[in-house]
Structures are given as structure tokens and as C-alpha cells.
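**Student:** I'd like to ask you about the structure that follows.
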Amino acid sequence: MSNLSNVSSPRAQRLPQISTWHGRRRWQPYAWLRQADDPAVLRHLEAENAHTSALTADTADLAGQILAEIRGRDAGDHFSAPEFSRDRRGRDWWHYSQTLADQPYPRYFRRPASSRADGPELAGEGSELLLDGNLEAAGHDFCALGDLALSPDGDRLAWTVDWSGQERYELRLRPLDRVGPDHVELTDLGQIAWLDDDHLLYTRLDDSWRPYQVWRHRLGQPSTADQLLWHETDEAFWLDLDASSDQAWLIVTAASKRTSQSWLVSRTEPAADLIECGPRRTGQETCLDVAGPIIFFLHNRRRADFDLAWAEVARPDQWHDSILGLPGQRLLGVDLLADWLVLSWRRDGLLGLSLYPRQGASLGQPRELAQPDRLANLTACPDDWFESDHLMITSQTYTAPIQVDDLDLAGDRQRPVHRDPVGPDPAGRPFAAQDYLAERLWVEAPDGQAVPVSCLRRADRPIDGSGPGLLYVYGAYEICLEPEFSLSRLSLLDRGFVVAYAHVRGGGELGHDWYEQARLGRKATTFSDLVACAEGLIATGLVDPARLGLRGFSAGGLAVGASLNLAPQLFRAAHVGVGFVDPLTTMLDPSLPLTVTEYDEWGDPALDPQIYQAMAAYAPSENVQATAYPAILATASWNDSRVSYAEPATWVQALRQGARQPPDRPILLRTDLVGGHGGPSDRFQAWAEEAAELAWLIEQLTARE
């Protein structure tokens, strides 16, 4: 590790800005960092980047090794899992993408399907290139595709693209019988969806990045002639578009964090008005799908973990019970085919699927699909053809890559059709899933609650309290850290790391109440859970107490930052990516994207003094302790529309001002001046960033004091 004792870090100018909230004075010396149009801000971030580059130069070789490992394990050219569809003209297709080893973006194809029962036939003669992401990205530093949609007759392709990283999309459109897009003046879009062959629906974003309007566009007409179908005036609600399984409707949903309402738009009568599917009731959440004359609603009217009801399309407000959820089972989603209903759920923190034969609203006895592994991520992908009797089942685990099986629902036959390839390690040894172990550890939180932790390691890695470990966290929005395979994680496991995932409260792993226990004024529960998880890893001997790292992104960055203030001595290093680490400043500014729509998650500190007090007590930037912290790497994105680059920039300055760091534990900031919230759009650049971050963590966590 480099000698850091003589390296000075950039110090932002302290310009006092004082405000008063609920009788409390608040001093913000770094508020000026939020002024993106101030040239001094960019100069400061560039100085931070140069400083970080200098202090991480000695990890460049290791970062290069890890990048080579990721690229080698990516296994060259490969295809995505196939998806089947039938267009309105009766033509059958397989859709897939292909990613070439030397290209950063995928290419999207379709190929005529000779028979659904025979399974997919990919590549080769007859495949039609729909869109080449590499051509779209040419000449742009950033290029992210949003929606990619074929018209119902299969003759036109519409797609949206973001060239800034700010998630404001532009519509592109072209007939498939010629090259080159039609010019359509539609920008600042959220989603698009085909209504029929001549009409598109789209959502438009307001100044705070909220999808707040639904418009209908007729092809060949100027956008000035578009018709507004819905304007959502409540700033807590976002609009969403989806198609019903029977393809007869588009579904418009307005949703806040805790309330939702939906409407149907006929695809056979594109000029018809919206059909309301029940009134908006505060606290009531629903998601729906349509099968002919029947609407199925997943809802929380009676049970926080959701039940299933049905209604007739002609009487959408008259609901009838269909499936009542079991205690301890969180119902997650419904997919419909002509003769089947597929119910996804979570039980004991694990995902599952149940298949119901269906006649109208009547459901037969369910069949629960077997899990390929106890810690598995099992999802269903029905054909984009309502009459199909096949279902694609996708599974992956922490130790095995994505596998897709084709399930014949009528014949109960299942066969593998796709598996993501994994290349050999740097020594040429083929990947073997059995070389790795994934286990579930339960730790006790301060209030006695048992909290699950998923722990991964090599099968030959001893549990003797001597090895390094890295703990991941998210813990918000009822979002779960699902079992997922990762190529880059192998580079940690093969170096003797234990990699663990803390399923803390605030997530949804153990049902809706698991989320509610760490929301609003109870948010601090997330952080005490995380500290308990770290202590549990150490107590069981999985990790050397002097070599434990912590990592979190976005809202997970808040969990990291707050937990470091609670127990900085537990960790040797931490990486926070696009971290929500200055939450009080953000939530006091209703003009920002991450404010009004987030009140249901964090509360409104401007109006509620108790929320203000709770947030002020856990906000990472405002509670730095005068003690030694772990080495910290904070990463941000200049064009991030969700979490401002200024949050990690402010946090880093507060840490440098208040913490008492030894010279071998630097506090670093790196800002991507091109990417958005998800980082670079180019997969090679994303891999390079991941490799650099892992190299830094490895150096810190394997260094001997």
C-alpha cells in the first residue's frame, strides 16, 4: 500500500449557509456543491478524481487482472435466453439478443419460429437484426436503451434512448422494411407502448423527472396533435404503462410508495376513454392483469402481504376473492395465459412459483414448482402469446448462472433451453459451481429479531476467523437482495473472501412487515440490523475482525454511511456507490427528483418535526464522529438524476473535517463525469469501474496492520 502520510486531499471551501427548521439551526458549509452550473464545482470534482487516481495508482495492476478475469469469464460471444411471440398477423417469432466479445452493447434479433413446441432456433439464416446498440451508441459517451417495442403487426420498431444518463428518453421509430429511423419529435419521455399498429402511448416527465402525463400519439401526425389521456397532479405519484397478458388492453398505473390506482385503455378502440379499475384509496396497493373478460387484482385491502381477487372487465369495482395468501407468504405477482395463472410469491425469504389451471375466474389445484436450490432466484417469463401452453422458467443462484427451462404446462415436461456461459479462471480451470458454497446465517438484532445473512465462500475456504470479508446491504423500499450470480464476485471468492448479503429490515425479504419495521421514523432499525450482521460474521469466524469491508449503492449507501457512524471500528474499508448520504438536505428540497415521491419512504422533515429529528440523528453527513473510520471510497455520477453527485461529495468533506483518520485509511471520492445513476452504459467501462473498486477493496482488506 502506498505511503499516504504526505498526500493532502482536496478540501472544499466552507461557505456557511444557515437555515432553521422546527426551532433548530442547521449549518450547511458545503451546500454550494449542489450548484452544478458553478464552474468551481466541476473543478473540485476533477481535483477529487485526480487525487483518487494518485492514491489508487498502486492498485492499477490488480484492477487490470480483475478486469481480465471478468472478461475471460464472460466467455466471448453469447446469446440471451429466447422469448417467443406471435404477432397480430399470425407470424411466430423467437426474439433474442447477441453480445459479441469485442463489442460493448448487445444487438437485438428476431427469427421466424417454425414451431413453438420444437423450441428456439437462434442465429443463422433467417435471423433479422432489429437494432444494434453499438450503432446507436456511436458518437456518444453514454447510450442507454429504454423501451424496445414491436408494433402488434410486427412491422414497425419503436425504441427510446437516453444519451445523457439522466433517464430522459427520446423516441425513435422505423418500419422494418427499410433502414434508418423516422424522425419523431418526442423527447423527455419515460415509457412507450404500442396501442395498435398506428398509435403509441407514452409517458412524459416533468421537471423533477416524474412521469406525470400519458399521451396518445398517432403515427404520421405531428406531436402537437397528440392527445393527453391522463395528467397526474399529485406529486407523490408516478405513472407506468404495461400491456395486459391477453394483449387487448394497455394498463396505466399511478403509484406512490404506498398507494396505487389503475386504468385500462382498449387496444381495439384506440380513441376510447380510460376505464377506471376502482377508486384511489390511501394505503391501498394493487397490480392487475387481464384475461378476456376477467381482471385479476393482487391487492392489500385486507392483508399487508397481499391477496388475489377478480372482477369482470364490465364491472371492475366489484371484486371477488380468488386466492387468500398464507401466513408468512408475500404474494408478488400474477402472469396469465389462456388456460393458466402463474403466481409468484416469497416465503421464508425465498422466491417461489405456483401454477394454477384456469377457466375464466375459476382456478384449479395449484402445482408448486420445485426450487433448484434453497437459495435460488426463480422467476417466470410467459410467452408473449396468450394462447400458449408453455412457460419459460428462469433460475439462478449465488453459485450458478442463469438457466432458462421451457415448461410444457399441459404435458408437465421441462427441458433446459439456455444457460449463461461462464469461462475459465485465469489458470484455465473450467468454472464449477460446486467449488463454491452459499449458506444462510441468522444473527440477532438488538431488539431480539433474527436477521438473515446470505454468506458465500469457496468450498475449500476455512472458517477460522482469518480471512477477509465483504458485506453488502440495501435495506429500503421493500426491495430484496435476491440470489444472483456474479462474474466479478468470483474474483473475490477465489482470493479467499467471504461475500455476504445482509437482508436487513427495510427490505422485503421476510414480508411487508419486515419493510414497515424500518420505514419513516423507524429507519434506524436498518442500521442497527446491519451492525448486528457485521458482528455475526465476526463472531462465527467467517471473517477476520480486522478485515471486514462494507459496500452499498444508492439507498444502500445510506445504510453504509449511517452504520459507519454507529460502529466505525467494525470495518476496515467501505465502498459507497451513488450513495444517499446527505438525505436531510435532499428531503428538505421538494424541487428535487428524490423528494416528494419519497415522502412515503423517509417522511417529510420540513413538515414533521419528529421525522426531522430522526433523519438528523442518522444522516451520515451530519453525524461524523471524531474517531478513526475505515478507509472509504465514495463514487458518484455527474448526470445522476436520482442521487445528486453532491451527496457523496458533501459526505466526503464532512468525513475529512470530522474524522480522525490514520494515514493508511484514505477517504476518497471519484465522480463519473459521463454516466448516470447506474454508472456507465458501456459494459466494458462498467467492468473496468467494478474491477477498480474491487481492487481497492482487496488491497485495503488484505493489508496487514
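**Student:** Could you please give the count of residues in segment 164-195 that are under 11 Å from Gly146 (Cβ atoms) and either touching a residue at least 24 places away in the same chain (Cβ under 8 Å) or of a type outside the set (Ser, Thr, Tyr) (or both)? Let's see the steps before the verdict.
**Tutor:** As a first pass, look at segment 164-195 and keep what is under 11 Å from Gly146 (Cβ atoms): 167-172, 189-192.
Filter again for either touching a residue at least 24 places away in the same chain (Cβ under 8 Å) or of a type outside the set (Ser, Thr, Tyr) (or both), leaving 167-168, 170-172, 189-192.
Counting residues in segment 164-195 that are under 11 Å from Gly146 (Cβ atoms) and either touching a residue at least 24 places away in the same chain (Cβ under 8 Å) or of a type outside the set (Ser, Thr, Tyr) (or both) gives 9.
Here is a yes/no grid of residues against (1) farther than 30 Å from Asp408 by Cβ; (2) of a type in the set (Asp, Glu); (3) assigned to a strand (DSSP E or B):
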{"position": "Thr59", "(1), (2), (3)": "yes, no, no"}
{"position": "Ala63", "(1), (2), (3)": "yes, no, no"}
{"position": "Leu67", "(1), (2), (3)": "yes, no, no"}
{"position": "Phe84", "(1), (2), (3)": "no, no, yes"}
{"position": "Tyr96", "(1), (2), (3)": "no, no, yes"}
{"position": "Arg110", "(1), (2), (3)": "no, no, yes"}
{"position": "Leu122", "(1), (2), (3)": "no, no, no"}
{"position": "Leu131", "(1), (2), (3)": "yes, no, yes"}
{"position": "Asn134", "(1), (2), (3)": "yes, no, no"}
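**Student:** For a quick check of your reading of the model, give me the residue pairs whose first member lies in segment 443-454 and is under 14 Å from Glu535 (Cβ atoms), whose second is of a type in the set (A, V, I, L, M) and part of a loop (DSSP other than H, G, I, E, B), with beta-carbon atoms closer than 7 Å and at least 6 apart or on different chains.
**Tutor:** Listed by first residue and then by second, the contacts come to Val451/Ala445; Val451/Val504.
**Student:** In segment 422-471, what residues are assigned to a helix (DSSP H, G or I) and farther than 17 Å from Ser491 by Cβ?
**Tutor:** Gln434
**Student:** Mind counting the residues in segment 143-160 that are buried (at least 20 other Cβ atoms within 10 Å of the Cβ) and not in a loop (DSSP other than H, G, I, E, B)?
**Tutor:** Let us first name the residues in segment 143-160 that are buried (at least 20 other Cβ atoms within 10 Å of the Cβ), namely 143-144, 150-151, 156, 158-160.
So of that shortlist, the ones also not in a loop (DSSP other than H, G, I, E, B) come out as 144, 150, 156, 158-160.
Looking only at that region, the number is 6.
**Student:** Now, a different point. Among the candidates Gly475, Gly448, Gly467, which residue alone is on the phi > 0 side of the Ramachandran plot and either more than 27 Å from the chain's Cα centre (by Cα) or of a type in the set (Lys, Arg) (or both)?
**Tutor:** Of Gly475, Gly448, Gly467, the one residue that is on the phi > 0 side of the Ramachandran plot and either more than 27 Å from the chain's Cα centre (by Cα) or of a type in the set (Lys, Arg) (or both) is Gly448.
**Student:** Something else now. Any idea which of (1) touching a residue at least 40 places away in the same chain (Cβ under 8 Å); (2) not charged (D, E, K, R); (3) not in a helix (DSSP H, G or I) is the one Thr52 doesn't satisfy?
**Tutor:** Condition not satisfied by Thr52: (3).
**Student:** Of the residues in segment 306-329, how many are over 19 Å from Leu363 (Cβ atoms) and under 29 Å from the mean Cα position of the chain (by Cα)?
**Tutor:** Final tally of qualifying residues: 2.
**Student:** Looking at this structure, is Leu189 outside the structural domain of Asp682 (by TED's automatic domain parsing), touching a Lys or Arg at 6+ places or on another chain (Cβ under 7 Å), surrounded by 20 or more Cβ atoms within 10 Å (Cβ to Cβ) and not basic (Lys, Arg)? Give the derivation first.
**Tutor:** On the way: outside the structural domain of Asp682 (by TED's automatic domain parsing): yes; touching a Lys or Arg at 6+ places or on another chain (Cβ under 7 Å): yes; surrounded by 20 or more Cβ atoms within 10 Å (Cβ to Cβ): yes; not basic (Lys, Arg): yes.
Considered against the rule, which asks whether it is outside the structural domain of Asp682 (by TED's automatic domain parsing), touching a Lys or Arg at 6+ places or on another chain (Cβ under 7 Å), surrounded by 20 or more Cβ atoms within 10 Å (Cβ to Cβ) and not basic (Lys, Arg), Leu189 comes out as yes.
**Student:** Looking at Thr650, is it in contact (Cβ under 8 Å) with a residue 60 or more places away in the chain and surrounded by fewer than 23 Cβ atoms within 10 Å (Cβ to Cβ)?
**Tutor:** Working: in contact (Cβ under 8 Å) with a residue 60 or more places away in the chain: yes; surrounded by fewer than 23 Cβ atoms within 10 Å (Cβ to Cβ): no.
The answer is no for Thr650.
**Student:** Can you name the residue in segment 479-524 that is under 19 Å from the mean Cα position of the chain (by Cα) and part of a strand (DSSP E or B) and is also surrounded by the most Cβ atoms within 10 Å (Cβ to Cβ) among such residues?
**Tutor:** Ala502
**Student:** Mind listing whichever residues of segment 279-323 are free of Cβ contacts under 8 Å to residues at least 40 places away in the same chain and either more than 21 Å from Asp335 (Cβ to Cβ) or among the basic types (Lys, Arg) (or both)?
**Tutor:** Pro279, Arg280, Arg281, Thr282, Gly283, Gln284, Arg301, Arg302, Arg303, Ala314, Arg315, Gln318
The values are calculated or read from the model by the stated rules, or taken from the named source; none is laboratory data. Treat the numbers as computed from the prediction; the structure is a model and nothing was measured. Cβ coordinates were reconstructed from backbone atoms using ideal geometry, including for glycine residues, and neighbour counts include every protein chain displayed.
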